[in-house]
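Everything below concerns the one structure shown next.
The values are calculated or read from the model by the stated rules, or taken from the named source; none is laboratory data. Because the structure is predicted, anything quoted here is derived from the model rather than measured. In this analysis, Cβ positions are derived from the backbone assuming ideal geometry, glycine residues included, and neighbour counts consider all displayed protein chains.
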Amino acid sequence: MSSVAPIRRALSAWYRRNARDLPWRRTKDPYAVWVSEVMLQQTSVATVTPRWRRFLSRFPDVGALARASEREVLAEWSGLGYYTRARNLRRAARAVAAAGAFPGSAASLRTLPGVGPYTAAAVASICFGEAAAVVDGNVVRVLSRLFALRVDPKAPRGLARIRERADALLDRASPGDFNQAVMELGATVCSPRAPTCGACPLRRSCAAARQGRPERYPMAVTRKATTALRFVTGLSRRRGRLVLVEDRDLVPGQLVTPLFPVRGNERPDEVLRREWRRTAGREAGPLVALGRLRHSILERRYVVDVFTFDEAEAPSRHRRPPGMSRGLRLLRPAELSGHAHGGFLLKVLRLPLPSPGGR
Ligand code: SF4
């Protein structure tokens, strides 16, 4: 292994000159840093920056978040995706409020719901100066290249090798800045497909750059096969309001247009008619196809046929059987911002409507 001292020195000097001025880097408040780390896990810095400010003005401390209802937190999180993060943030805030103090170490942070090794190490190193190395996607990429590690980071043994390297490299005198420096290098210089090695402070020590084609690292892994799931949904209005339900399939709890699974050789239009009657208690009028949407969540891929129609006025003779009620919510589009909804509903609402007489 290359000597770690020159690597630390070069990286720290580079970070001091090149660190982006991000608002969460101006605070050591563990609550604020924790929220930023959770938001950044699957969302870009550009998206997170205004949303982090907004979240903190709405829930300025852990007590405020603990007192909020899940609905309020999910509504504030709308559009950021991966809603389990928001649910866990709130659950963790409640645990902190019940304990009466914010955990003061990586080990105690990890006892909170949704806080894994990455978040715990990031918050503890940045806010408490604890010597805990972070390992996220950026760190995996930089270290795999720096040491030309021929390991699969998705496999436990491969990840353990990378963790060992991260621990050995960590600058214990300044762990928070050092962790952020490695992540910053991965985010801005050592990018997945086109690393700019000429501008990299580590190029003299980097084994992958010496070999050529550093983008081969980290080792390619076989991706989990994606599962395609077929659904049909209906866009309709009642008294000028969108007919929505709380989702149970894509992201439970978010508002969506009623969404129904299509199985085997079933026809989407027939499924929609049948299920609309059972769910909404009214007959669907003539269906107009708006298109087919594709939507992915983690390894699940949804293919959704979208129809629009007017409901028949008279209630259907068919009553919803017990357990089938999905709690219709009637909302004007302008009211959506106060309710949890996600990318899928926005895609449906952006589909061009038929003319004339568009809804
Ligand atoms: S030299 Fe290139 S491959 Fe190596 S760490 Fe720097 S940017 Fe990444």
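Structure data summary
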read-out: Pair list, Cβ under 8 Å, 6 or more apart: the range 155-182 residue at pLDDT 95 or above, other residue in a loop (DSSP other than H, G, I, E, B) and among the charged types (D, E, K, R); value: 175/130; 177/171; 178/171
read-out: Qualifying residues in the range 152-181 (those that are out of contact with any Leu (no Cβ under 7 Å at 6 or more places or on another chain) and among the aliphatic types (A, V, I, L, M)) - the one nearest to the ligand (Cβ to nearest atom); value: 169
read-out: Filtered residues of the range 265-309 (kept if of a type in the set (A, V, I, L, M, F, W, C), buried (at least 18 other Cβ atoms within 10 Å of the Cβ), assigned to a strand (DSSP E or B) and free of Cβ contacts under 8 Å to residues at least 60 places away in the same chain); value: 284
read-out: Residue count, the range 135-151 (criterion: more than 10 Å from the ligand (Cβ to nearest atom) and within 23 Å of the chain's Cα centre (by Cα)); value: 6
read-out: Considering residues of the range 53-104 that are surrounded by 14 or more Cβ atoms within 10 Å (Cβ to Cβ) and among the hydroxyl-bearing types (Ser, Thr, Tyr) only, the residue farthest from residue 122 (Cα to Cα); value: 78
read-out: Residue ID - modelled with the lowest pLDDT, chosen from residues in the range 291-321 that are polar (S, T, N, Q) and within 16 Å of residue 234 (Cβ to Cβ); value: 316
read-out: Helices (runs of 4 or more DSSP H) within the range 81-167 that include 1 or more residues within 29 Å of residue 249 (Cβ to Cβ); value: 84-99, 117-128, 137-146
read-out: Pairs where the first residue, in the range 329-345, is more than 20 Å from residue 87 (Cβ to Cβ) and the second is in a helix (DSSP H, G or I) and of a type in the set (A, V, I, L, M), C-beta under 7 Å, 6+ apart; value: 333/349
read-out: Test: residue in the range 126-146 that is within 19 Å of residue 216 (Cα to Cα) and out of contact with any helix residue (DSSP H, G or I) (no Cβ under 9 Å at 6 or more places or on another chain); value: no
read-out: When residues of the range 187-206 are limited to those that are assigned to a helix (DSSP H, G or I) and more than 8 Å from the ligand (Cβ to nearest atom), the one farthest from residue 22 (Cα to Cα); value: 198
